[in-house]
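*Asks:* What follows is a structure written as structure tokens; I'll ask about it next.
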Amino acid sequence: MLELLSLPEYLHVLTNPVITHLLPVASILLVASLFVRGRILLVTSLILVTVASFSAWVVILFGQEAYEGVATLADSVGKDWLEVHMQRAELWAPLFYATAGVSLLALVLAAKWPDLAKRISAAPTVLANVASGFAGYIAYPAGKIRHEEFRNAEPPSEELHRAGENDHTH
């Protein structure tokens, strides 16, 4: 069992839910914190958004390390879906890093000016919700890499064309 923790494919699958599940939940909590009194929910949700958004770096790193191994296991259509998945992850990574940075900044500013905490949290709230949507957009092709039963369409050709023009880090 412990040997699985040395496989980047396995680590990618383990860390991915931090973005696809925790970030949307943290985003919802952040929205809720704007409507209730008290700072505990606001601070907690900003911390969760910061951690979940920054975890994109780790998830992408494991994904890049796993690329070749997964590509050897996939059929040709699966390889195309893998390429779309990687293209989307690398393209939208800065959104997650910006969300983490803005959320962290909001935490610091809210600590310095507690009366402005809710107003300061507006930007991370918007970014966290947008990033949550993109987390699903990025994850969508991943389920089609090895699972033919989930392939109800061909990989988007325009993204495959762009993927062929870019140098990925894999």
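*Asks:* Kindly check whether there is at least one residue in segment 9-30 that is of a type in the set (F, W, Y), under 17 Å from the mean Cα position of the chain (by Cα), assigned to a helix (DSSP H, G or I) and modelled with pLDDT under 95.
*Replies:* Filtering segment 9-30 down to residues of a type in the set (F, W, Y) leaves 10.
Those left that are additionally under 17 Å from the mean Cα position of the chain (by Cα): 10.
Next, only the ones that are assigned to a helix (DSSP H, G or I) stay: 10.
In the following step, the residues that additionally are modelled with pLDDT under 95 were identified as 10.
Yes: segment 9-30 contains one or more residues that are of a type in the set (F, W, Y), under 17 Å from the mean Cα position of the chain (by Cα), assigned to a helix (DSSP H, G or I) and modelled with pLDDT under 95.
*Asks:* Looking at A56, A131, A110, A106, which is the one that is of a type outside the set (D, E), surrounded by 17 or more Cβ atoms within 10 Å (Cβ to Cβ) and closer than 18 Å to H12 by Cβ? Break it down stepwise before answering.
*Replies:* Numbers: A131 fails: closer than 18 Å to H12 by Cβ; A110 fails: closer than 18 Å to H12 by Cβ; A106 fails: closer than 18 Å to H12 by Cβ.
Selected residue: A56, the only one of A56, A131, A110, A106 that is of a type outside the set (D, E), surrounded by 17 or more Cβ atoms within 10 Å (Cβ to Cβ) and closer than 18 Å to H12 by Cβ.
*Asks:* Name the single residue, out of those in segment 32-47 being of a type outside the set (A, V, I, L, M, F, W, C) and in contact (Cβ under 8 Å) with a residue 40 or more places away in the chain, that is surrounded by the most Cβ atoms within 10 Å (Cβ to Cβ).
*Replies:* Applying the first criterion (of a type outside the set (A, V, I, L, M, F, W, C)) to segment 32-47 yields 33, 37-39, 44-45.
Okay, now just the ones that are also in contact (Cβ under 8 Å) with a residue 40 or more places away in the chain, so 33, 39.
Working: S33: 22, R39: 14.
Top of the filtered list is S33.
*Asks:* Name the single residue, out of those in segment 65-101 being among the polar types (S, T, N, Q) and modelled with pLDDT under 95, that is least open to solvent (accessible area, probe 1.4 Å).
*Replies:* Our first condition is that a residue be among the polar types (S, T, N, Q); within segment 65-101, this holds for 72, 76, 87, 99.
Filter once more, so that each one left must be modelled with pLDDT under 95: 72, 76, 87.
Details: T72: 107, S76: 84, Q87: 12 Å².
Out of the qualifying residues, it is Q87.
*Asks:* Now, a different point. Spot the failing condition for M1; the list is (1) touching a helix residue (DSSP H, G or I) at 6+ places or on another chain (Cβ under 9 Å); (2) hydrophobic (A, V, I, L, M, F, W, C); (3) at pLDDT below 95; (4) farther than 21 Å from P141 by Cβ, and only one is missed.
*Replies:* (1)
*Asks:* Check L5, L22, L11, L29 and return the single one that is farther than 26 Å from P124 by Cα, open to solvent by 50 Å² or more (accessible area, probe 1.4 Å) and not polar (S, T, N, Q).
*Replies:* Details: L22 fails: farther than 26 Å from P124 by Cα; L11 fails: open to solvent by 50 Å² or more (accessible area, probe 1.4 Å); L29 fails: farther than 26 Å from P124 by Cα.
Result: L5 is the single residue among L5, L22, L11, L29 that is farther than 26 Å from P124 by Cα, open to solvent by 50 Å² or more (accessible area, probe 1.4 Å) and not polar (S, T, N, Q).
*Asks:* Please tell me if I28 is more than 15 Å from V130 (Cα to Cα) and without any contact (Cβ under 8 Å) to a residue 40 or more places away in the chain. I'd like the intermediate steps shown before the answer.
*Replies:* Working: more than 15 Å from V130 (Cα to Cα): no; without any contact (Cβ under 8 Å) to a residue 40 or more places away in the chain: yes.
In short, no.
The values are calculated or read from the model by the stated rules, or taken from the named source; none is laboratory data. Since this is a predicted model, take the numbers as computed values, not measurements. We place every Cβ from the backbone using ideal geometry, glycine too, and count neighbours over all the protein chains shown. Accessible surface is based on the protein model in full, side chains and every heavy atom, while ligands, DNA and RNA are left aside. Shrake-Rupley method; radii C 1.70, N 1.55, O 1.52, S 1.80 Å.
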